[in-house]
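Presented below is the structure to which this report refers.
Please treat every number below as a calculation from the coordinates, not as lab data. Remember, predicted model here, so these are calculated numbers, not experimental data. FYI the Cβ positions are ideal-geometry reconstructions off the backbone, even for glycines, and counts take in every protein chain you see.
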Ligand SMILES: C[C@H](OP(=O)(O)OP(=O)(O)OC[C@H]1O[C@@H](n2cnc3c(=O)[nH]c(N)nc32)[C@H](O)[C@@H]1O)C(=O)O
Ligand SMILES: O=c1nc2n(C[C@H](O)[C@H](O)[C@H](O)CO)c3cc(O)ccc3cc-2c(=O)[nH]1
Ligand SMILES: [Mg+2]
């Protein structure tokens, strides 16, 4: 069993490679839920839906959210009705979200994900990190912003001085998945708003210390490959580099995979992480995703 910790863009790219390299039924994916919220009366678990759609091969992988070739009839009509929604939710995507909302209210988010994964013929286990409501605020130079306001309305432009998120407890099965895994892969997701929320769950770090953990850095050079991870790390006075990423995970990390552009960082990272693998980590096509996945799997002792 291999467990993967995931957000909604970086790690899903890796998952497209991983599921070609290992049997999907040997994968358990623990997904960030910190930003989950209701939009237009529907529960949106953005990272979970991206992981579901990625594993079901229907993801819109231009944007890393929503279903490919979806229509936006309801989204556009809501706009005309003066009920414009912050997230551009497609019609097929909305159906999945409506069903998840109903299932969740009846059985909880964990069971809802299990039912939807089964309906999509997904062999891997997909577990939300928590079933509890959480909240994340971005403290910026224009005030305290909701995560999606910062990300979408303000296009991640404001300067960030801090982040605040609520503490939640792990979904049943999260700790057990880590304990029963021969390896845990921390994908190249945002270390602050996608991975750290999972690490902050009671029992996760201790469980990770007892298993083989390999992480892929989402930072290349002194910048994120995409998105605001660089701003969030800077706000928390963490070096915006693959070294900075290694320092976040160092208590339990066995191996880190960094990009060829970070060759000069190998020695300093080797001071805090046992093994440093240098390879191309820019996943622009399926071959690159499979290659990276193979290197990660081959690193498992
Ligand atoms: C908005 C975004 O959050 P989310 O959509 O949840 O995305 P993740 O946290 O899963 O990942 C964002 C993270 O991914 C890194 N990234 C993206 N593509 C690549 C790649 O090809 N290689 C690589 N090493 N990292 C990649 C990117 O730098 C981001 O930090 C968010 O928070 O950005
Ligand atoms: O930046 C955007 N992110 C959108 N996202 C992604 C969302 O902002 C995620 O929070 C980020 O990708 C970070 O995980 C959506 C996710 C969904 O599940 C459904 C619809 C959307 C729509 C948008 C959008 O219009 N713009
Ligand atoms: Mg996310």
Subject >> Spatial separation of Cα centroids for segment 30-52 and segment 81-133, in angstrom >> reply: 7 Å
Subject >> Relative contact order (%) - criterion: Cα under 8 Å, at least six apart; region: the chain >> reply: 20 percent
**OP:** Choose one answer from 159, 131, 85: the residue with the largest mean-square fluctuation in a GNM of the chain with alpha-carbon springs under 10 Å.
**Re:** 85
Original post:
Where does the chain land at 222 nm, in deg cm²/dmol rounded to the nearest 500, when only DSSP H runs of n ≥ 4 count, each adding -39500 (n - 2.57), divided by all residues?
Top reply: -10000 deg cm²/dmol
**OP:** Sort 93-101, 190-198 for me by packing, meaning the mean count of neighbouring Cβ atoms within 10 Å per residue, highest on top.
**Re:** 190-198, 93-101
Original post:
Counting DSSP beta bridges with both partners in the chain, what percentage is antiparallel, nearest 5?
Top reply: 40 percent
Original post:
Which whole-number percentage describes the relative contact order of segment 71-216, with Cα contacts under 8 Å and a sequence gap of 6 or more?
Top reply: 16 percent
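Where both partners of a DSSP beta bridge lie in segment 102-248, what percent of those bridges are antiparallel, to the nearest 5?
75 percent
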Original post:
Looking at segment 211-301, what % of its DSSP beta bridges pair antiparallel, to the nearest 5?
Top reply: 20 percent
